[in-house]
1. Being of a type outside the set (Lys, Arg), in contact (Cβ under 8 Å) with a residue 12 or more places away in the chain and under 14 Å from Thr48 (Cβ atoms) is the requirement here; does Gly165 meet it?
2. Can you say whether Ser139 is of a type in the set (Gly, Ala, Ser) and either surrounded by 15 or more Cβ atoms within 10 Å (Cβ to Cβ) or closer than 16 Å to Ser187 by Cβ (or both), as far as the supplied structure shows?
3. One residue is enough: does the stretch 111-125 have a residue meeting the conditions more than 24 Å from the chain's Cα centre (by Cα) and either assigned by TED's automatic domain parsing to the domain that holds Glu169 or not in a helix (DSSP H, G or I) (or both)?
4. Consider the stretch 168-178. How many of its residues are free of Cβ contacts under 8 Å to residues at least 60 places away in the same chain and touching a Phe, Trp or Tyr at 6+ places or on another chain (Cβ under 8 Å)?
5. Looking only at the stretch 181-197, decide whether some residue is in contact with a Phe, Trp or Tyr (Cβ under 9 Å, 6 or more places away or on another chain) and assigned to a helix (DSSP H, G or I).
6. Check off (1) modelled with pLDDT of 90 or more; (2) in the same structural domain as Leu67 (by TED's automatic domain parsing) for Ala97 and give me the number that stays unchecked.
7. Can you tell me how many residues in the stretch 24-63 are under 13 Å from Val105 (Cα atoms) and surrounded by fewer than 17 Cβ atoms within 10 Å (Cβ to Cβ)?
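The values are calculated or read from the model by the stated rules, or taken from the named source; none is laboratory data. These numbers were taken from a predicted model, which means no experiment stands behind them. Every residue, glycine as well, gets a Cβ built from its backbone with ideal geometry; the counts of neighbours run over all protein chains shown.
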Amino acid sequence: MQLDGAVDLDAAAGRLMNLPRRSLGDAPGRVFLTLVAADAVLTLWAFTAPGVWFRPWLVAASGWLVLGALWAMRAGSAFRRNGGVSAWSRDAWRWLAVPLVAIAVTAMVEAGLPLRVALITAEPAMKRFADDPQAAEPSHVGVYPLSWVDRRAGGGAEFLLDGAGFFDEYGIVYSPTSLPRSNGSNSRYEHITGPWYVMIVGM
């Protein structure tokens, strides 16, 4: 009985030791692809703010580094151990999902899509505050938490975001009547679309 138990334990240990080696060359599975999807969503969220939400961006960037390294190790192992390119063709969609998601996320970020979508959620509240002198100062507009807000002379308003950026602070300006210009302080402006601008306040 003891001998059989020892043999069973040795066999189980052998299977456990061989598991990482066997799975390293496998195509990305459900858990891995779920992590990639979650990191893609977190990346897009980080770029909903001008200057990015720094903490989500840091987590997302770290996730891409780890997941990218693991994907490259799996792909390289499959190429060496399972017959070259033919190893990838058997599960092509799972191998291609990771780089295609990364490319799609990069394209959306470069196009400013996360920021523009987030701005749509904030536009109504921003316009209400800018157009109504009696409106109370909001603490949130859309998905954006705010540090402070201020109406602009001649129309519009400025909204400084709470937590956006790293070295500089970032906000959004609604200026329907004129182009916002630096008033001699350390702030500068970049156009988003229509009457909307990014405000960058140097530290």
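1. Taking the combined requirement at face value, the residue satisfies it.
2. No, not satisfied.
3. Scanning the stretch 111-125, I find at least one residue that is more than 24 Å from the chain's Cα centre (by Cα) and either assigned by TED's automatic domain parsing to the domain that holds Glu169 or not in a helix (DSSP H, G or I) (or both), so the answer is yes.
4. Here the count works out to 3.
5. Taking every residue of the stretch 181-197 in turn, none turns out to be in contact with a Phe, Trp or Tyr (Cβ under 9 Å, 6 or more places away or on another chain) and assigned to a helix (DSSP H, G or I).
6. (1)
7. Counting residues in the stretch 24-63 that are under 13 Å from Val105 (Cα atoms) and surrounded by fewer than 17 Cβ atoms within 10 Å (Cβ to Cβ) gives 4.
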